[in-house]
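Participant: Following this message is one structure expressed as structure tokens.
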Amino acid sequence: MAQTSIEKEDAIHPGNPVVVDRYNRAARANHWITAISLILLALSGLAFFHPSLFFLTGLFGGGQNARALHPWIGVVLFFSFAGLFIRFWRANLPEKADRDWLAHAGDMIKGDEEKVPPVGRYNPIQKFNFWAMSLLIIALIVTGLAIWDQYFFDWTTIPQKRVAVLVHSLTAIALICIWIAHVYAAIWARGTLRAMTRGSVTGGWAWKHHRLWLKELAERHKVKKPATPAE
């Protein structure tokens, strides 16, 4: 069964160009808190990953401060991403249109986007990013608690802590790689960053990248189906 991808605040505003609301202020604030938390965690975590990167602790006022702040920033990340998960998990469930899109992913990479079938609010790569980040953040929280000795020292044995440190480090590297890919994709697809800075996209962007979402939104609000709006 197809999952609805429409949020209550989503709306189409006719004009030249057509403007489509995509994220409200709460969603954007939630996203940026998560993004900033990830950046701070990456910087503070890398500082302890190798001696050559220890200079990064200077951004946090020194090694002791970085070590003390790192787990608390992780707590902020957990609750912030939990808010995003609750808001967007349904829109990231797989649909039949995703299989058709993946079958033509090569055309997208070659720049022949007109050959790529339409998708809903998120394409399969965005959905993979969402679920991968969800699993990795859970893994980071679980392993982080296992090595947060100030409060949870007695919860795990020393051998378990060693395994947790290894898993925590590998998970963090994977999450950083996915985050970099996420940022690159947002920059590569012109007009995408506007969605998370201004909350809206142009009708042309929505038609080009998420046509099924745009059509569903038009039908929901009884808006005349747009032709091919200008970018």
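Participant: What does the charge add up to near Ser134, with Lys and Arg as +1, Asp and Glu as -1, over the other residues with Cβ less than 15 Å from its Cβ? The partial results should precede the final answer.
Facilitator: Details: positive: Arg87, Arg90, Lys127; negative: none.
Taking every Cβ under 15 Å from that of Ser134, the sum is +3.
Participant: Turning to a different aspect of this structure: Read through the labelled values (1) 59, 38, 33; (2) 62, 33, 31; (3) 47, 43, 36 and report the label of the one computed as Cα extents along the principal axes in Å from the structure.
Facilitator: Among (1) 59, 38, 33; (2) 62, 33, 31; (3) 47, 43, 36, the one derived from this structure is (2).
Participant: Suppose accessible area is computed on protein heavy atoms with a 1.4 Å probe; arrange Thr157, Thr57 from highest to lowest. Can you show the working numbers first?
Facilitator: On the way: Thr157 70, Thr57 10 Å².
Ranked list, largest accessible area first: Thr157, Thr57.
Participant: Moving to a separate point now. Lys115: which aspartates and glutamates have alpha carbons under 13 Å from its alpha carbon, excluding same-chain residues fewer than 8 sequence positions away?
Facilitator: Asp100, Asp107
Participant: Modelled label-to-label distance, Ile86 and Ala189, 7 Å Cα→beta-carbon offset: nm?
Facilitator: 2.6
Participant: Could you work out how far the C-alpha centroid of region 35-88 sits from that of region 126-185, in angstrom?
Facilitator: Distance between centres, Cα-based: 12 Å.
Participant: With each pseudo-label sitting 7 Å past Cα toward Cβ, what's the Phe128-Arg162 distance in nm, one decimal?
Facilitator: The modelled label-to-label distance comes out at 3.5 nm.
Participant: Related question: Any chance you could give the angle, 0 to 90 degrees and rounded to 10, that helix 63-88 forms with the longest Cα principal axis of the chain?
Facilitator: 30
Participant: To continue, here is another question. Going toward the positive end of the dipole of the chain, with +1 on Lys and Arg Cβ and -1 on Asp and Glu Cβ, which of Leu38, His209, Val76 do you reach last?
Facilitator: Value: His209.
Participant: Ratio of alpha-carbon Rg to the 2.2 N^0.38 Å globular estimate for region 1-87, to two decimals, please. Don't jump to the answer; show the numbers that get you there.
Facilitator: Values: Rg = 18.7 Å, N = 87, 2.2 N^0.38 = 12.0 Å.
Expressed relative to 2.2 N^0.38 Å, the Cα Rg reads 1.56.
Participant: Once the convex hull of the alpha carbons of region 39-106 is built, what does its volume come to per residue, in cubic angstrom?
Facilitator: Numbers: hull volume 8.4 nm³, N = 68.
Dividing the Cα hull volume of region 39-106 by its residues yields 123 Å³.
Participant: Whenever you get a sec, compute what percent of the accessible area on region 40-129 sits on carbon and sulfur atoms (1.4 Å probe).
Facilitator: Working: 3550 of 5180 Å².
That share works out to 69 percent.
Participant: Here is a follow-up. Find out how many positive minus negative residues lie around Ile33, taking Lys and Arg as positive, Asp and Glu as negative, among other residues whose Cβ is under 14 Å from that of Ile33.
Facilitator: The answer is +3.
Participant: Note down the nm distance, to one decimal, between modelled labels 7 Å out along Cα→Cβ at Ser169 and at Gln150.
Facilitator: So the two model labels end up 2.2 nm from each other.
Participant: Counting only Cα atoms, I'd like the Rg/Rh figure for region 78-184, Kirkwood definition for Rh. All intermediate terms of the calculation are to be shown ahead of the outcome.
Facilitator: Details: Rg = 18.1 Å, Rh = 16.1 Å.
Reported Rg/Rh (Cα atoms, Kirkwood Rh): 1.13.
Participant: Treating the angle as unsigned and between 0 and 90°, give the value, to the nearest 10°, between the Cα long axis of helix 211-220 and the longest Cα principal axis of the chain.
Facilitator: Helix 211-220 and the main axis of the chain meet at about 70 degrees.
Participant: Filter the cross-link list Lys8/Lys208; Lys96/Lys215; Lys8/Lys127; Lys8/Lys96 down to pairs whose alpha-carbon distance in this structure exceeds 19 Å.
Facilitator: Working: Lys8/Lys208 22 Å; Lys96/Lys215 16 Å; Lys8/Lys127 21 Å; Lys8/Lys96 24 Å.
Going by Cα-Cα distance, Lys8/Lys208; Lys8/Lys127; Lys8/Lys96 fall outside the 19 Å limit.
Participant: While we're here: Relative contact order for the chain: what percent, with Cα pairs under 8 Å and sequence separation of 6 or more? Present the calculation step by step, with values, prior to reporting the outcome.
Facilitator: On the way: 253 pairs, mean separation 65.3, N = 231.
Once divided by the residue count of the chain, the mean separation gives 28 percent.
Participant: Can you give me the angle between helix 158-188 and the longest principal axis of the chain, using Cα atoms only, in degrees from 0 to 90, rounded to the nearest 10?
Facilitator: So the inclination is approximately 30 degrees.
Participant: Ordering Leu140, Leu135, Leu217, Leu102 by how much accessible area each has at a 1.4 Å probe, largest first, what is the list? If you can, show how the numbers build up before the last one.
Facilitator: Working: Leu140 25, Leu135 125, Leu217 0, Leu102 100 Å².
From most accessible down to least: Leu135, Leu102, Leu140, Leu217.
Participant: Any idea of the accessible area per residue across region 65-213, 1.4 Å probe, to the nearest Å²? Walk me through the intermediate numbers first.
Facilitator: On the way: 8440 Å² over 149 residues.
Result: 57 Å² of accessible area for each residue.
Participant: Quick one: putting +1 on the C-beta of Lys and Arg, -1 on the C-beta of Asp and Glu, what dipole do you get for the chain around its Cα centre, in Debye to the nearest 20? Before the final figure, lay out each step's value.
Facilitator: Details: 25 positive and 16 negative charges, 92 e Å.
It comes to approximately 440 debye.
Participant: Could you compute the net charge surrounding Tyr23? Neighbours are other residues with a C-beta less than 15 Å from the C-beta of Tyr23; K and R count +1, D and E count -1.
Facilitator: On the way: positive: Lys8, Arg22, Arg25, Arg28, Arg87, Arg121, Arg194, Arg198; negative: Glu7, Glu9, Asp10, Asp21.
Once all neighbours under 15 Å are counted, the net charge is +4.
The values are calculated or read from the model by the stated rules, or taken from the named source; none is laboratory data. Being a predicted model, the structure only gives us computed values, none of them experimental. All Cβ positions, glycine included, derive from the backbone under ideal geometry; neighbour counts span all protein chains shown. SASA here: full protein model, heavy atoms, side chains in, ligands and nucleic acids out. Shrake-Rupley method; radii C 1.70, N 1.55, O 1.52, S 1.80 Å.
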